[in-house]
1. Under 6 Å by Cβ, and 6 or more places apart or on different chains, what pairs join a residue from segment 637-650 that is in contact (Cβ under 8 Å) with a residue 12 or more places away in the chain and farther than 16 Å from Ser268 by Cα with one that is acidic (Asp, Glu) and open to solvent by less than 50 Å² (accessible area, probe 1.4 Å)?
2. Just give me the residues in segment 681-697 being surrounded by 18 or more Cβ atoms within 10 Å (Cβ to Cβ) and outside any loop (DSSP other than H, G, I, E, B), in sequence order.
3. Scan Gly402, Gly459, Gly499 and give me the residue that is at pLDDT 90 or above and among the small types (Gly, Ala, Ser).
4. If we scan segment 486-496, do we find a residue that is farther than 17 Å from Leu604 by Cα, touching a residue at least 60 places away in the same chain (Cβ under 8 Å) and open to solvent by less than 40 Å² (accessible area, probe 1.4 Å)?
5. One residue is enough: does segment 378-398 have a residue meeting the conditions in contact with a Phe, Trp or Tyr (Cβ under 6 Å, 6 or more places away or on another chain) and farther than 26 Å from Arg298 by Cα?
6. Checking Arg678 against (1) under 21 Å from Glu579 (Cα atoms); (2) open to solvent by 50 Å² or more (accessible area, probe 1.4 Å); (3) not acidic (Asp, Glu): exactly one of these is not met. Which one?
7. Does Arg208 satisfy the criteria of being assigned to a helix (DSSP H, G or I), touching a residue at least 12 places away in the same chain (Cβ under 8 Å), open to solvent by 50 Å² or more (accessible area, probe 1.4 Å) and farther than 28 Å from Glu13 by Cα?
8. Out of everything in segment 231-277 that is assigned to a helix (DSSP H, G or I) and among the basic types (Lys, Arg), what residue ends up being surrounded by the fewest Cβ atoms within 10 Å (Cβ to Cβ)?
Amino acid sequence: MESILPLSTLLQELMALQTSREPLPQALALALERIVSLSPAEHRWEGALFVDAPSPGADKSVARLGITPEWWPLCEAVALPATNPGPHHPPPPAAVADRLRVTPLLLQGERVGALVILLASGEESPTASDGTDPMPPLATALAALIDAKRRDERLQLMTKVFEMSHDAVVITDQANRIIDVNTAFTRITRCPREQALGQNPGFLKSGRHDDAFYKQMWRSLDREGRWQGELWNRRLNGEVYPQWLSIDTIKDPVGRILHSIGIFSDLSTLKSVEARLAHLAYHDPLTGLANRLLFQDRLSREIALARRHASTVAVLLLDLDRFKHANDTFGHNAGDLILVEAARRLQAVIRETDSIARMGGDEFTIILNDVKSFEGTIRAAEKILASFAHPMVVEAQEIFIGASIGIAVYPSDGDDVDTLIKNADAAMYLAKERGRNNVQFFQKGMQEDSGRRLTLESGLRRALERGELLLHYQPKVDLASGNMVGMEALVRWERPGTGLVPPGEFIALAEETGLILPMGAWILETACRQTRRWVDQGHDHLRVAVNLSARQFRSGDLVATVRDILQKTGLPPRNLELEITESMVMQDIERVIATLSEFGAMGLHISMDDFGTGYSSLSYLKRLPIHSLKIDRSFVRDLATDPDDAAIVSAIISMARNLHLKVVAEGLETLEQLAFLRQSGCDESQGYHFSRPLPVEAFTLLLEGKKPW
């Protein structure tokens, strides 16, 4: 009995399917339908195509035509070998198996599937119109069809990857002419694809690299087949930008380069953030002046020069008068504006060869190099005082801010950085004591600390003994849900006859004198005890954050102290968060890691405070067993208006997310800041937008849903 379709025609149709648009499953169904057309008209064959999975775990393709459910398990049993993953069934009876014809589909000797034909009852074997067995040529054609469709699928996938990549891709030919680029190339270089095709990639050279640079690149490509590195290129509009470029070559059997594939990313944003972070490591983020670290380096250099040339260097330490009162009266924003204006006025009156820095708080230092006379130093100091004689206009308010200046001179008042700063500081406190807004030189025999510092230290010691310290708590809010998730414990000093003493006036003194150790233990125990009360009242989700000082870390018994306090107060470790700073970490990185690991084993939450303002290496960050980063308020304050701050905040959040760290933003005060942080994926925040730090009674009311003010 002859088939109703010539075999040659069918093979041509199967070959045409290789270039058709149908995906593999549909192409197999069409192929099977045409194969069944080979059967005699009197009794049609039934059939099935099984395509093996291309990789372990991947789906197998199956097409079937006319096979009834009761025959399907038998088809699978004979078509699927024991080594092929899938359902297995017992072999069919001999009488049934005689009707099944299974032809493996082989491609270069490897099986890619099987063709199963269910013959009519009594039919011995399938026969083509020319009397030949059609199965071998059909198997070859089907294997070629499967291979073509899979190659087409891979090509489509690679094309999508090529176009969707965020990195630019450039492909060149043997003559180093561009034959294709992706969308990212056009986005980064601003060069349309049509304009790039046929060009040598060098048409976008920046001109910053010499011939030796490119010769080394080509030597690497010739020897190793690849090159990668950082270089500068040019956008079509002429803008020069940094990129990270990787080039791989495709070579023929004799080693000649047929194609080169270049993949590069735009490093402009990363470089900008790195430069900003590097600047912040040595500069005050508020005023842009040198910070303490850079000031000390500059003073060390000036001392070395003065020693070599037998000259004189004067160190002026300036503290703003009445700044605390203005800050408390007009708010922190006004205080920041005062500091910025003070920096501007100082820069306007000192020489270009002199240096100025903000040491912290409202304290500034100036280096006057190559001082010729005592009178010249006095004139410079009086010029500085005169610059503060007229009021500052801050938020439509006239504010009078004076300055007290202490001066120490190299070499008469000290021959090293620390001694000069210490003696200038002592002279400055003497200027404060003598009525403010005046200049005092360090004098031999002057006490290292002024009377005010001695009084403050003595009062601080009594404060610990008399219970004058208290804690305020500032809520920490989950930005996604808007729910309070914790709070930061902040110490306050209620000094009799003075009122609340700002932390900036006594925390550093406590650190310097060692009082921070008993004070820190008191803060930790008080915060844990109070939090335990709130937990017992049903607020067991709260986590209290307590700041640790560098001296506490150096004490050696910090872990034991924390463990004892938790045991004494009964606070579960999960309800306690300890905050450290970047500078603290860098003092002894290995010891800090060991200590933090012990805290982690106890179940405590560890946070890095004021992230971005220190000078730690980011390479250490991944080693630290911490849980969250706190973005410093100096970045948050202007992120809605300063693109640099916005970029830094976004970079920190992205980096933290990749390191599986939570991000907490400090100093949140406006709705614009809140919207930006939420959109950027920041987890938590605290600041005056939610609440100022509150005493225990007011914070308890806040927890109860009542307004404490």
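The values are calculated or read from the model by the stated rules, or taken from the named source; none is laboratory data. Note that this is a predicted model, so its numbers are computed, not measured. Cβ placement follows ideal geometry from the backbone for every residue including glycine, while neighbour counts extend to all protein chains displayed. Surface areas here come from the heavy atoms of the whole protein model, side chains and all, with no ligands, DNA or RNA. Shrake-Rupley method; radii C 1.70, N 1.55, O 1.52, S 1.80 Å.
1. Leu639/Asp645
2. Glu684, Ser685, Leu694
3. It is Gly402.
4. Yes, segment 486-496 contains at least one residue that is farther than 17 Å from Leu604 by Cα, touching a residue at least 60 places away in the same chain (Cβ under 8 Å) and open to solvent by less than 40 Å² (accessible area, probe 1.4 Å).
5. Yes, the conditions are met somewhere in segment 378-398.
6. (1)
7. So Arg208 does not fit the description; no.
8. Lys271
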